[in-house]
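Read-outs: derived from the displayed coordinates by stated rules, not from any lab. A quick note: this is a predicted structure, and the numbers were derived from the prediction, not measured. Cβ placement follows ideal geometry from the backbone for every residue including glycine, while neighbour counts extend to all protein chains displayed.
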Amino acid sequence: MPGKSFFIDTTRCTGCRGCQIACKQWNQNPGTKTIQEGSYQNPTDLSASTFKLVRFSEKGSTTGEPKWYFFPDQCRHCLYPPCKMVADKMAHGAVILDVKTRAVIFNPTVKVSPEAFKEINAICPFDIPRYNEDLGSMAKCTMCFDRVSEGMLPACVKACPTGAMSFDDRAVIRKMADKRLDEVQKENRRASLIYPEAIRVIFLVKDDPEKYHLFAAKQNETGGTRRMALKQMFDPLVAGFKIS
Amino acid sequence: MTNHWIDLKNADVILVMGSNPASNHPISMKWIMKAKERGAKLLCVDPRYTQTAAVSDLYAPIRSGTDVAFIGGMINYILSNDLIFKDYVINYTDASFLINADFKMPGELDGVFSGYNEQDSKYEKTTWGYQLDERGVPKRDLTLQDPQCVFQLLRKHYSRYTVDQVSKITGTPKDKCEEVYQTIASTNKPDRTTTGCYAMGWTQHTVGVQNIRAFTIVQLLLGNMGMAGGGVNALRGEANVQGATDYGILYHILPGYLPAPTAALVNLQDYVTKFTPTTKEPKSVNWWGNRGKYITSYLKALYGDHANPDNDFGYSWLPKLDEGMNASWLALFARMYQGQFEGFFAWGMNPACSSPGAGKAREALAKLKWLVNVNLYDNETASFWKGPGMNPEEIDTEVFLLPCCSSIEKEGSISNSGRLAQWRYKAIEPVGQSLPDADIMNELYFRVKELYRKEKGAFPDPIVNLTWEYGHKDQKGKVEHLDAHKVAMEINGYYLTDVFDNTANPPKLIGKKGDLVQNFVSLRSDGATSSGNWLYSGSYTQKEGNVVNLMARRDREDSTGLGLFPNWAWAWPVNRRVIYNRASVDPKGNPWDPKRPVLKWNQGDSANGKPGGWEGDVPDGPAPPLADEKSGKLPFIMKPLGVGSIFGSGLGDGPFPEHYEPLESPVPANLMSGKHRVNPTIPIAKLQAMAKEPTFLFSFDNEKYPYVGTTYRVSEHWQTGVMTRHLPWILEMQPQMFVEINSELGAEKGIGNGDKVLVTSARGKLTCIAIVTDRIASFKIQDTTVHVVGMPWCFGWQYPEDGSGGDSANLLTPFLGDPNTLIPESKAFMVNISKIAEKMAYQSSEMPLKSERG
């Protein structure tokens, strides 16, 4: 399987947010005005100026045993991205797949109508696509394909001090993730990799994914669109998906 | 640190207590994660479930201010279960030494040691001494059975710290205490080590020094000092604290930890006699015996040719402290508040937010005639006169804000917590007219010197005689631009004359005039050498005519595999990476742990003229191992007796740590002592009588202030946030002052997550946003529910300019602290909390913030 992949080992993440800032810096995204909402997580969500967001969750806590999970959220760079499938019909050229790295890239110069954006966002199982009101186009993680094309690591991976984030050829990452899962499962039977076969940003979690983030693995609403999208991701032939 | 950052990866057990490396030293987690990869266990003991706790293997909650009790229980566990590393303890510590027969302990004297004087709250320490034999060396019982030996006294003292008792005081569940104790005690084996990481959570208490002492005792009992992955490790912030103490920026020391002279020591000989320890123990190196060489070399660095034997090397030009004088932060601000200072240089700091009792500190600034703040940005100190509650009309202070540049806009070294000095380069030109601090000092020095030359003044000699050869001078004689290299070289030290080894025939030249000295072994007390800081001697030297800045080295080779990286930069002393490393080998010089050998003695081959030598790290002195009859030496070379002190008679508040409650505490009585609720060497009654506002110092009103307040930091902001609040990317992540409270307290007060609340203490009040979380504990202490609430102190009213960030937690913190170090008790004080308003509806806004720095 060509292309690159990330391995994000949340058991090594300490929520330092070096990745969040590195992404801001590389993309020269602005800092937005925020307030303290009752969490270290800030901004509260991904946006056209925040492509990488460390999510803080205490949902894993049980009585007398606090837990604090850190989930450095970003676009999963699906192998067969549902966003591209919709964009190809409704906003042609807005989503492209880089041939070499297989990064899923939102072209900021291609305007997307608010209606089209709504559909594109709805079909993403991970709730990633965001809209830049000023440009009228979409924005998200670029996989730092400009850096990667020059043989450098994505900014977030480079900044990570603990080795929570790794980036390499997909085969290497798949192996790394499987090996680490084995190790972690010795102490944590609930540990899992999230959709390693279907996406390029593979998270290792030691608890149920929803305890980290609502959209870590799947959403809870019973709507058909995201379920369809998930199905697509695993079986691209379902929609006759083409890589253009 | 006794060890260093990378060494954390070598530990089998990592105790994080009184610190939070994941939040405050995020890069260190790289090494802690590597240790975990090897199977190491990370233990986190904290009032709060922190980011470190989130990746730990075991988390134990503890009430803020009860660390001595917790560690006391650990000592008791180790001794009751006979889990000491016996060979290490007998050979390398004072455990076997006998103590004065009249020495008594808190168990017998209701909370104090023998020699306590109620009147002045001080100890008379005669009974705290060792029994000496005819040689003048302590008597020993190598079987550790004598009831008067340190070991048995230790056992007796800590037998009172049962797990039951500890749990009652700390609020930590008994099973958690035992689990921590068991895990740490498992490193009593020669091939297992615990490393302890501590920071302000241990130091900022009225028993701060005793907290650290308690854990040092544990590490000596388990044989973890000097070992890879062992030690007692202070996590210091960036360059600040390490540089401040190494270079003697605190009032009580000169560079290199030389004691600051007092007025009673009228000449250099008096100083040297007083501060040079002697020893009768033939196997002790007693390295501080070299004190005279270092003070003289320091004076020569300061005064060059002006310092000679006939004028006592300029000793009379050094500023002197009055006997017993307290010139610490708290004392300075107390006097400033009383209008006793004309001027104040707040250099690279923001006292309006960093000072405990910040409200009074701000008022104190208004009493000055002039204030100079050197900083990168305007801040709450430089603009104190515009702050909340200030009336500029009534303030006569003239304020100067001198813009300095950041560390990336200038060249020089930065010393990290692991004693590693790394040279850094200038990346960009300073912004605008900002200057490196050194250049600002250079300007001041030159102008002050010229004034002294012209107008004479009260005492010009100490200033006009200073050497100042830090760069090319202009026509007026002023250094145009201060060269950090020249400063570094002066710190290293020079041969001021040709120096010969006269024992050789003919005499051998060992140092040429004008050359840099090799290291502090070359320093002399006869004026032939100079060194601005003996500790850093060896950092910038000369090899065969080539000048070498060892701090700039970046060699990544590490043949030991222990992360020593001996050729990456330079560590003091003499590039030793693990200090006390002679304790990492047995008396024959074989590593206790052959798999992680910090040192190993190679016998050599005396028959073939090959002398023995040490392999591995730079040894704590080249002498052969202890067992060598002729020249073997004990490992703890900085102590006169050469062994690690379990019995710490040098401290003012006790040779063994004893639990006392914080000054402001939620419990009416100290369970360990009926009579002394707080540290007996704090003269509470006297201080309250002296204070204009006694409740400002501390308040015992648990009705008014029922919750334990504590303070800490976040990853995103640095100190008071002067630099970081101006970075939009950072302010976006941590925009506003918050207080963390648990859900039980939240429910009681009707406070929901995100609500606006008011936190109050005897010092002041502060608006915060509430984070309601069960990560911050609530404890059952002696039938009371004790809630701990916590706040960061990185915000200030001055920026963001609309004040939306909030203000500093130091408006609430107490103005008293540890009697040894005088560090304030910012980690445990009493507060109250009430709701002001419901959570604001979140307004999504893409409005970007602009940085003034472009």
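The value for the range B:219-312 of Rg(Cα) / (2.2 N^0.38 Å) is 1.38. For the range B:155-296, the equivalent ellipsoid derived from the alpha-carbon gyration tensor has semi-axes of 36, 19, 16 Å in decreasing order. Just want the answer: with Cβ charges of +1 for Lys and Arg and -1 for Asp and Glu, which residue in B:Q422, B:G803, B:P106 is farthest toward the dipole's positive end in chain B? Ranked along the dipole, the leading option is B:Q422. Two decimals is fine: what is log10 I(q)/I(0) at q = 0.10, 0.13 Å⁻¹ for chain A, from a Debye sum with one equal scatterer on every Cα and no solvent? The computed values of log10 I(q)/I(0) come out as -0.45, -0.79.
Stokes-Einstein diffusion for the range B:345-409 at 10 °C, viscosity 1.306 mPa s, with a Kirkwood radius from C-alpha pairs, works out to 132 µm²/s. Across the range B:619-769, the convex hull enclosing all Cα atoms gives 248 Å³ per residue. Once the chain from B:L687 to B:E394 is taken as fully extended at 0.36 nm per residue, the excess over their C-alpha distance is 102.5 nm.
A cut-off of 5 Å between modelled amide H atoms, ignoring neighbours fewer than 5 places along the same chain, links B:F738 with B:I769. Multiplying the residue separation of B:D57 and B:Q603 by 0.36 nm and removing their Cα-Cα distance gives an extension gain of 192.3 nm. For the range B:626-676, the equivalent ellipsoid built from the Cα gyration tensor has semi-axes of 40, 9, 8 Å, listed from largest to smallest. Using C-alpha pairs under 8 Å with a sequence gap of at least 6, the mean separation divided by the residue count of chain A gives a relative contact order of 28 percent. Note on the range A:94-143: Rg/Rh from Cα positions, Kirkwood definition for Rh, rounded to two decimals, is 0.96.
Each of B:F400, B:G201, B:L745 was scored by the projection of its Cα onto the charge dipole of chain B, and the greatest displacement toward the positive side belongs to B:G201; charges sit on the C-beta of Lys, Arg, Asp and Glu.
Rounded to whole Å, the principal axis extents of the Cα atoms in chain B read 87, 74, 55, largest first. The charge dipole of the range A:26-84, taken about the Cα centre with unit charges on the Cβ atoms of Lys, Arg (+1) and Asp, Glu (-1), comes to about 240 debye, rounded to the nearest 20. Please report the antiparallel percentage of the DSSP beta bridges confined to the protein assembly as shown, to the nearest 5. Here the share of antiparallel DSSP bridges comes out near 65 percent.
Mean shadow of the range B:560-700, computed from the convex hull of its alpha carbons, in nm²?
Mean projected area of the Cα convex hull: 14.6 nm².
Taking GluC sites (Glu not before Pro) across the range A:100-192, the ones in a DSSP loop with at most 15 further Cβ atoms lying within 10 angstrom of their Cβ are A:E133, A:E150.
Rounded to the nearest whole Hz, the Karplus-based 3J(HN,Hα) values (6.51 cos²θ - 1.76 cosθ + 1.60, θ = phi - 60°) of the range A:133-143 follow the sequence 4, 5, 8, x, 9, 9, 9, 5, 3, 9, 6, with x at glycine and proline. From the largest down, the range B:244-397 spans 65, 36, 30 angstrom on the principal axes of its Cα atoms. Grouping the Cα pair distances of the range B:22-82 into 10 Å bins from zero gives a pair-distance distribution of 21, 40, 33, 7 percent in increasing distance order. A P(r) calculated from all alpha carbon pairs of the range B:103-216, with 5 Å bins opening at zero, reads 2, 8, 11, 17, 21, 18, 13, 7, 2, 1, 0 percent. Residues whose amide H falls under 5 Å from that of B:V585, counting only those 5 or more places apart or on a different chain, are B:W592, with hydrogens built in the peptide plane. Here the Kirkwood formula puts the hydrodynamic radius of the range B:1-132 at 18.1 Å, using every distinct Cα pair. In order along the range B:461-474, phi translates into HN-Hα couplings of 3, x, 9, 6, 8, 5, 7, 8, 9, 9, x, 5, 9, 7 Hz, rounded to whole numbers, per the Karplus curve 6.51 cos²θ - 1.76 cosθ + 1.60 with θ = phi - 60° and x for Gly and Pro.
Summarising the amide proton neighbourhood of A:Q41: residues at separation of 5 or more, or on other chains, whose placed amide H is nearer than 5 Å comprise A:F56.
Over all directions, what mean area does the Cα convex hull of the range B:399-459 project, stated in square nanometres? Don't skip to the end; give the middle numbers.
Details: hull surface 27.2 nm².
Answer in nm², one decimal: 6.8.
Strictly greater than 18 Å: what percent of every Cα pair in the range B:443-599 meets that? Percent of Cα pairs beyond 18 Å in the range B:443-599: 70.
Length gained on full extension, B:T273 to B:Q338: 19.7 nm, using 0.36 nm per residue less the C-alpha separation.
Distance between the 7 Å Cα→Cβ label points at B:T497 and A:E187: 6.4 nm. Scaling against 2.2 N^0.38 Å puts the C-alpha radius of gyration of the range A:114-172 at 1.44.
Normalised by the number of residues in chain B, the average gap of Cα pairs under 8 Å and 6 or more apart makes the relative contact order 16 percent.
Going down the table (B:K104/B:K189; A:K33/A:K206; A:K4/A:K140; B:K780/B:K827; A:K24/A:K218), which pairs top 23 Å between alpha carbons? Listed pairs above 23 Å: B:K104/B:K189; A:K33/A:K206; A:K24/A:K218.
Listed by chain and number, the aspartates and glutamates placed with their C-alpha closer than 12 angstrom to that of B:K283 are B:D628, B:E629; residues fewer than eight positions away on the same chain are left out. Normalising by residue count, the range B:545-610 has a Cα convex hull of 137 Å³ per residue. Convex hull volume per residue, computed on the Cα atoms of the range A:75-186, equals 123 Å³.
May I ask for the percentage of alpha-carbon pairs in the range A:1-95 that lie more than 18 Å from each other? Please list the in-between numbers first.
On the way: 2690 of 4465 pairs.
Looking at the range A:1-95, the distances longer than 18 Å represent 60 percent of pairs.
For the range B:328-478, the spread of Cα positions along the three principal axes, ordered from largest to smallest, is 47, 42, 33 Å.
Net charge of the neighbourhood of B:P619, taken over other residues with C-beta under 14 Å away and scored Lys/Arg +1, Asp/Glu -1, is +1.
Hey, what D do you get for the range B:111-161 in µm²/s if you plug the Kirkwood alpha-carbon radius into Stokes-Einstein at 25 °C and 0.890 mPa s?
On the way: Rh = 12.9 Å.
Rounded to a whole number, D works out at 189 µm²/s.
Each distinct pair of alpha carbons in the protein assembly as shown adds a 1/r term; the inverse of their mean, the Kirkwood radius, is 31.7 Å.
Dipole magnitude for the protein assembly as shown: about 2240 debye, using +1 per Lys or Arg Cβ and -1 per Asp or Glu Cβ, origin at the Cα centre.
When each pair of different Cα atoms in the range B:658-737 is counted once in the 1/r mean, what is the Kirkwood radius in angstroms, to one decimal?
15.9
Largest first and in whole Å, the equivalent-ellipsoid semi-axes of the range B:727-815 read 25, 15, 11, each the square root of five times a Cα gyration tensor eigenvalue. Just how many % of Cα pairs in the range B:680-782 lie over 24 Å apart, if you round to the nearest whole percent? Everything past 24 Å amounts to 41 percent.
Sparsely packed loop sites in the range B:416-515 (the GluC sites (Glu not before Pro) outside DSSP H, G, I, E and B with at most 15 other Cβ atoms within 10 Å) comprise B:E469, B:E480.
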